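Enquirer: Please see the structure below; I have some questions.
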Amino acid sequence: MVEQKSIYVNSFGRGRLLDDKGERILLRTKKAYELFFYLFHYRDELVTKDDLVNVLFPNMTTEKGGSNLHTTIYQIRKEFDKHGYSDIIVYKSGTYFINAPVENDYDQVRDILKVGLTEESLIKILNVYDGQYFEKDGYAWSEYLRNDMHSKIILSVKEAISSQRISNIVLMQFLLVFRDDCLSDLELLSTILDCFVQSRDKLKVKKILTDAQQYWVSELSCDLPEEFISKYE
């Protein structure tokens, strides 16, 4: 088997593919993207033909689904070949897999969280985080990891803020990227506001509190609890 150069998968927000030079690899169809990302998602497991047909073409007969699968794989191989990758998807011993080293943002963030969050590592997460894991693609099979990773990031940030490892400047960057979480989660919102109270930044406290009140009315169809508001007014 030919040794391949690496590819890069952006999985946060909308899935994207980059070659070893950082150039976008564009596939022809949504099914082609989903097939490739499904193999990436299950890169440490065995993926059979039946698995792929059931996920990609659930309403087709086995014969029709199998035919469409082979066509989709051919299209993917053709596009990757233009970037210098030979036989990017390989079928061996009854299973399909990606025939190249795959670097990706998910593993980067996972490894950061394993060793504990610092201000520097949070900045790295914010630089790659463009939404939850395949959030904009809406793949049903990615839902568990999507929710799991998102929860772990929020929990790690709460701990880092409580331990005063995050400056207010980086905290504001986090608030912009994770706006919905910051404004809807009262525990997280309180932790953030407490930081600005401690630094006596009354303008930031007022701005964040106002944003939270508006968010609760427009997005949650209810008012921010009065006892919460009174704590920071």
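Read-outs throughout are calculated quantities, based only on the coordinates presented, and are distinct from any laboratory measurement. Source: prediction; values computed, not measured. Neighbour counts run over all protein chains shown; Cβ positions are idealised from the backbone, glycine included.
Enquirer: Would you grab the residues whose amide H sits under 5 Å from the one on M60? Only those 5+ places off in sequence or on another chain, please, with H modelled 1.01 Å from N.
Expert: none
Enquirer: Next up: What's the exposure ranking of L26, L39, going from fewest to most Cβ atoms within 10 Å?
Expert: Starting with the residue having the fewest Cβ neighbours, the order is L26, L39.
Enquirer: Going by C-beta contacts inside 10 Å, put C182, C195, C222 in order with the fewest on the left.
Expert: Fewest-to-most ranking of C182, C195, C222: C222, C195, C182.
Enquirer: For Cα pairs less than 8 Å apart in space and 6+ apart in sequence, what is the mean separation divided by the residue count of segment 38-164, i.e. the relative contact order in percent?
Expert: The value is 21 percent.
Enquirer: Which of H41, H70 comes first, and how do the rest follow, when ranked by fewest Cβ neighbours within 10 Å?
Expert: Arranged by neighbour count, lowest to highest, H41, H70 become H70, H41.
Enquirer: Relative contact order of segment 7-103, please, whole-number percent, based on alpha carbon pairs below 8 angstrom and at least 6 residues apart.
Expert: 30
Enquirer: Another one. Give the lysines whose C-alpha is closer than 24 Å to that of K78, dropping any in the same chain fewer than 8 places away, or say none.
Expert: K78 reaches K5, K21, K30, K31, K49, K64, K92.
Enquirer: Additional query: Express in nm, to one decimal, how much length is gained between I229 and K30 on full extension, taking 0.36 nm for each residue of separation and deducting their alpha carbon distance.
Expert: Stretched fully, the I229-K30 segment lengthens by 67.1 nm.
Enquirer: Rg and Dmax in Å for segment 107-232, alpha carbons only: what are they?
Expert: For segment 107-232, the Cα radius of gyration and maximum Cα-Cα distance read 15.1, 45 Å.
Enquirer: Helix-only estimate, please: 222 nm mean residue ellipticity of the chain, summing -39500 (n - 2.57) across DSSP H runs of length 4 or more and dividing by its residues, to the nearest 500.
Expert: Counting only the DSSP helices, I get -18000 deg cm²/dmol.
Enquirer: So, one more: What FRET efficiency, computed as 1/(1 + (r/R0)^6) with R0 = 45 Å and r the Cβ-Cβ distance, is obtained for D50 and I123, rounded to the nearest 0.05?
Expert: 0.55
Enquirer: Under the definition of Cα pairs under 8 Å and six or more residues apart, what whole-number percent is the relative contact order of the chain?
Expert: Value for the chain: 20 percent.
Enquirer: Just to confirm my numbers, what's the Cα centroid distance between segment 102-177 and segment 1-58 in Å?
Expert: 22
Enquirer: Ok, one more. Taking amide H atoms as placed 1.01 Å from N in the peptide plane, list the residues 5 or more away in sequence, or in a different chain, whose amide H sits under 5 Å from that of V47.
Expert: Under 5 Å from the amide H of V47 lie the amide H atoms of Y96, each far enough along the sequence or on another chain.
Enquirer: What are the DSSP H helices in the chain that stretch 15 Å or more along their long axis, judged by alpha-carbon atoms, and whose average Kyte-Doolittle hydropathy comes to at least -0.5?
Expert: Membrane-span-like by this criterion, though nothing is claimed about a membrane: 30-41, 143-162, 186-198.
Enquirer: While we're on this one: Describe numerically, in nm with one decimal, the distance between label points set 7 Å from Cα along Cα→Cβ at V217 and at L145.
Expert: Simple spin-label model gives 4.1 nm for this pair.
Enquirer: Additional query: Here are labelled values, [x] 45, 40, 40; [y] 69, 44, 30; [z] 65, 37, 26, and one is the computed Cα extents along the principal axes in Å for what I pasted. Which one?
Expert: Entry [z].
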